[in-house]
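The values are calculated or read from the model by the stated rules, or taken from the named source; none is laboratory data. As the structure is a computational prediction, the values presented were derived from the model and not from experiment. Cβ coordinates were reconstructed from backbone atoms using ideal geometry, including for glycine residues, and neighbour counts include every protein chain displayed. Keep in mind that these areas ignore ligands, DNA and RNA; they rest on the heavy atoms of the full protein, side chains included. Shrake-Rupley method; radii C 1.70, N 1.55, O 1.52, S 1.80 Å.
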Amino acid sequence: MRRVVLLLLLIVLAGCGQAERPYTPVAEPTPAEPSVKATEPAQSLPSGPQSIAIGDGLRVRVEWPADPDPLLKVIVDQYVGTRQAVVEGTRGYRRNLEIQAEAQATEWVNQFVDEERSLRGTGRLYDLRVSARMGKGAQINACVDESGVRLISSRTGKAVASQPDWLRTPYSQSVVAHRGDDGVWRIRSYITSTERCPR
């Protein structure tokens, strides 16, 4: 019960402000890897599976629902962006994140850099959905299956002996997003989800 109250409080806080305007994505500078199509306009969101090359042997298969809500792009972009930072060995990640989420994402990305680790293989995002929306705030959920991804040494390119548990079993990822006065939706925080994700 306490968890539900906290989640509702986060969404309400994210949603404080004027009445909601339609989501309008803002074009960002083209990333170094031209195959990453993370800034497509909302009207061009695909329906069904899409394969995105993240870089240096890492891809993600995104299983978009029929007639996808444009807000789903927020969680897909952060997945592609954080993994691209890992593959490129970039310290930190802050694109379309507010302070709390930026700290969470940066800590996750920097752990790979500090331990000289990277990722290779094919991940999968599925069961994408906007689970709650209130004013300028929303919760977005996705299932992540990285059983086709391997943790590798960024120096040798070889898989490390001990693979982490999160690469073995699909897991749920949830974010609370907030639309700023500039019309851009940014992730305010990552939240732990207890939902099970079937393969």
Tally the residues that are in a helix (DSSP H, G or I), modelled with pLDDT of 95 or more and surrounded by fewer than 19 Cβ atoms within 10 Å (Cβ to Cβ), restricting the search to the stretch 40-81. 0
Just checking, how many residues over the stretch 127-171 are touching a strand residue (DSSP E or B) at 6+ places or on another chain (Cβ under 7 Å) and either open to solvent by less than 80 Å² (accessible area, probe 1.4 Å) or assigned to a strand (DSSP E or B) (or both)? 31
Members of the stretch 172-199 that are assigned to a strand (DSSP E or B) and surrounded by fewer than 11 Cβ atoms within 10 Å (Cβ to Cβ): none
So if I check each of R91, R120, R95, R124, which one is in a strand (DSSP E or B) and open to solvent by 60 Å² or more (accessible area, probe 1.4 Å)? R120
